[in-house]
Amino acid sequence: MAVKIFDSLSGEKKPLPRTKELRLFVCGPTVYDCAHLGHARTYIFFDFLAKYLRKELGLKVFYLQNITDIDDKIIARAKKEGKKPADIAKFYTKAYFEDMKKLGIDAVTKYAPATKFIPQIINQVQRLIKKGYGYEIPNDGYYFDISKFKDYGKLSRRSAEQAESATSRIDESVGKRNKGDFCMWKFSTGADLRGLDADLRGKKFTVIDGEPAWWSTLGWGRPGWHIEDTAITEYFFGPQYDIHGGGVDLKFPHHEAEIAQQEALSGKRYDRDESFVKIWMHTGFLLARGKKMSKSLGNFITIRDFLKKHSADVLRFMVLSSSHYRSPMDYSDVLAIQAEKNLNNIFRLIAKINFRLKNTKGGITNTISVKGYTGQDYSGLFKSGLADDLNTPAAISILFRAVEQGNKMFRLSSREALIKTRNFIIGSLKTLGFAPKMPVIPAKIRKLVAEREKFRGSKQFSHSDRLRKKIEGLGYEVEDTPRGPFLWPKFSLKLWQKNRD
Ligand SMILES: [Zn+2]
C-alpha cells in the first residue's frame, strides 16, 4: 500500500522517501521543567510513526532526537533556584526519560543532548561565518543574516520583515542587521570576554555569572537554539535527510532557522532535490478547553499529573483517536474519560471472545464470517486509513466498527469469525503501539463468582443476587452467558461517575 505523508513545506502529500534506512529527526524537549500533555502528544505520535514504519512497512528507521540541555530557560530556572544550570538540565532530562518510559515511548534510536555536540556546533557557526551568512556583534555574539538567505520564510510562509515577532531573548540585540536575525553563538556576559582566555587557559568549560560557557575560537560563549539541531542532524545524517518532525509551534522561527542554516551550508540545488529535509511533519496544538495550555492560565497538565488519574494507554489512545495529528486537539477530562471508555470496550470484547473460545467444547454451528457481517474488509480499511497521512482517527473508527459488530453478532458468530475479529483488533492495537494486556481478575472475586454459580444452580436466586451485588461493589461486573459467567472490571464506569460528581 502506497503510504503518503503531508509535507508542511510543499503543502502536498508525498510518498515515503525510498531509502535503505529512513532518517527521522524530531525536536526533543528543553529540559527546564516537566513535560506536559502537548509534549506527550508529539512524542506519542512520532513513537507510533516510527513503530508503524518499522513493523507495518518493514523499514529500517534511524530515529534521532535532540535534548536541549543548554538554553535561556534552563539558566533562568537555575538562577531562580540557586542551582547550577547543568544540575537543572540533568534533573529534568531524567524526568523526561522517566515520563517517556511510563508512556511506552521507546522507538528513539539515539538521544543527542546539545552539550555533547559543542565542537560540531562551533564548527557549523565557523563555516557559516566563512560563507558570509554569519556576522559578529561585538560583546554580544554571532548572528545569522537572514537577508543573505533568499529562501528565508518558505516553511512558515513569512517574509523576513514578519520574522521579528518571534524572536526569543537570546536573539534580542540592538546591533542586528535584520530584526529576524538569530543568534548562533552567544558570548558569555562579562566585561571583555576574550580577556578570559588568559585566566582560563586550557579550560574548555566554565560557568560565568551563572551562565555556562564553552571556549572556542569564536570566544567564550554558548550555542543558540537553532544551531544545535542542524549540528546534530548533520553529524548523524549529513546535509539532507528524510523526515523532520516537531510541534507546529516550532515551525517558526525554529525550523525556518534550521533550513536557513543547513541549506546555506550545503548550498543545495533545488533542481537536484538536495533540500535539507524531504518531508516536514508538524503535530497540531494541544489546547485545554479551547485555550493554549499555559501555567499562567492554570490549565497546564504535566504527563505526571495525567498519569495520576489515567493510564498511559488511555493517553496514547486519546492522542491517536481523538484528532488527526495535524489538527488541534482540545483536551478536557471528558476526552480522557471517553478514551478510557472506548479502550475498555475494545479490551472487553477481546476478553469476551477469549472466554467464549475457552469455554466452548467442539465447534460452534453458526457460520457467519467477519466479512459476512458487513461485506467489508476491516483490516484493509484500517491500513488504508493509516496509509493516508497517518489518519489514526479514521483507522480507529474501523476498529470501533469491528468492535460494535463483534458485540452485536457475538452469539451468532462462528469460532473462525470470532478469532478473526479478535486477531484484527489485537493486530490493530499493536500497530498503534499498544501492548494489549488483559486485566487479571483476583482469586477472591473468582471465588465469589463460583459460589454464586452454585446458588444459581440450586435456584437460590436471592443468595446469588446478594453475591452479584457484592461482586459489583468490589468493582466487577458479571455477565451470565450460555457458557457461564463472564467477568470484567468496572473501573471505567467508576471513574466516569467519580469525574461527574
Ligand atoms: Zn529543534
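Each reported figure results from applying straightforward, stated rules to the coordinates on display, with no laboratory input. Note that this is a predicted model, so its numbers are computed, not measured. Note: ideal-geometry Cβ built from the backbone for every residue, glycine included; neighbour counts use all protein chains shown.
Can you give the angle from 0 to 90° between the axis of helix 415-431 and the longest principal axis of the chain, with both taken from C-alpha atoms, to the nearest 10?
With rounding to tens, the tilt is 20 degrees.
With N set to the residue count of region 37-120, report its C-alpha Rg divided by 2.2 N^0.38 Å to two decimal places.
Values: Rg = 15.2 Å, N = 84, 2.2 N^0.38 = 11.8 Å.
For region 37-120, the normalised Cα radius of gyration is 1.28.
Order these peptides, 27-35, 128-136, 479-487, 255-263, by their mean beta-carbon neighbour count within 10 angstrom, highest first.
Details: 27-35: 21.7, 128-136: 17.0, 479-487: 14.2, 255-263: 26.2.
The most tightly packed comes first, giving 255-263, 27-35, 128-136, 479-487.
Using modelled amide H (1.01 Å from N, peptide plane; none on Pro or chain starts), what sits under 5 Å from the amide H of Glu477, excluding residues fewer than 5 places away?
It is Trp488, Lys490, by chain and number.
Quick check: the angle from helix 256-266's long axis to the longest principal axis of the chain, C-alpha only, nearest 10 degrees?
Relative to the chain, helix 256-266 is tipped by roughly 60 degrees.
In region 1-77, what percentage of the DSSP-assigned beta bridges are antiparallel, given to the nearest 5? Intermediate values should be presented prior to the final figure.
Numbers: 4 of 11 bridges.
Here the share of antiparallel DSSP bridges comes out near 35 percent.
Counting Lys +1, Arg +1, Asp -1, Glu -1, what net charge surrounds Ala395 among other residues with beta carbon under 10 Å of its beta carbon?
Numbers: positive: Lys383; negative: Asp388.
Local charge sum for Ala395: 0.
Among residues other than Lys4 whose Cβ falls under 15 Å from its Cβ, what is the net charge (Lys/Arg +1, Asp/Glu -1)? It would help to have the intermediate numbers written out before the result.
Values: positive: Lys13, Lys14, Arg18, Lys278, Arg326, Lys383; negative: Asp7, Glu12, Glu56, Asp242, Asp388, Asp389.
Result for the local shell: 0.
Dividing the convex hull volume of the alpha carbon atoms of region 66-184 by its residue count, what do you get in Å³ per residue?
Details: hull volume 19.1 nm³, N = 119.
Taking only Cα atoms, region 66-184 has a hull volume of 160 Å³ per residue.
So how strong a dipole does the chain carry about its Cα centre when Lys and Arg Cβ are +1 and Asp and Glu Cβ are -1, to the nearest 20 debye?
Numbers: 87 positive and 57 negative charges, 607 e Å.
In total the dipole reaches around 2920 debye.
Restricting to bridges with both residues inside the chain, how much of the DSSP beta-bridge set is antiparallel, in percent to the nearest 5?
On the way: 29 of 54 bridges.
For the chain, the DSSP antiparallel bridge percentage is about 55.
For Lys352, which aspartates and glutamates qualify as cross-link partners when the Cα separation must be under 12 Å and same-chain residues fewer than eight apart are set aside?
Output for Lys352: Glu479, Asp480.
In square nanometres and to one decimal, what's the mean projected area of the convex hull around the Cα atoms of region 386-501? Walk me through the intermediate numbers first.
Values: hull surface 40.2 nm².
Average projection, Cα convex hull of region 386-501: 10.1 nm².
Can you find, among Val125, Ala213, Ser332, the residue farthest towards the positive end of the dipole of the chain? Put +1 on the C-beta of Lys and Arg, -1 on that of Asp and Glu.
Of Val125, Ala213, Ser332, it is Ser332.
Compute and list, largest first, the equivalent-ellipsoid semi-axes of the chain from the alpha carbon gyration tensor, each √(5λ) rounded to a whole angstrom.
Working: eigenvalues 577, 137, 60 Å².
Semi-axis lengths for the chain are 54, 26, 17 Å.
What ranking do Asp209, Asp229 get, fewest neighbouring Cβ atoms within 10 angstrom at the top? Before the final figure, lay out each step's value.
Working: Asp209 10, Asp229 28.
Sorted ascending by nearby Cβ count, the order is Asp209, Asp229.
Between Arg401 and Asp87, what's the calculated FRET efficiency when r is the beta-carbon distance and R0 is 60 Å? Round to 0.05. Please report the intermediate quantities before stating the final value.
On the way: r = 52 Å, r/R0 = 0.86.
The value I calculate is 0.70.
Rounded to the nearest 500, what is the chain's calculated 222 nm mean residue ellipticity when only DSSP H runs of at least 4 contribute -39500 (n - 2.57) each, over all residues? Before the final figure, lay out each step's value.
Values: 17 runs with 215 residues, N = 501.
The helix-only estimate for the chain comes to -13500 deg cm²/dmol at 222 nm.
What angle do you read, to the nearest 10 degrees and between 0 and 90, between the alpha-carbon axis of helix 85-102 and the longest principal axis of the chain?
So the inclination is approximately 20 degrees.
What net charge is computed for the residues neighbouring Ser327, neighbours being all others with C-beta under 13 Å from the C-beta of Ser327, Lys and Arg scored +1, Asp and Glu -1? Display every interim value, and only then the final one.
Numbers: positive: Arg41, Arg326; negative: Asp330, Asp389.
Taking every Cβ under 13 Å from that of Ser327, the sum is 0.
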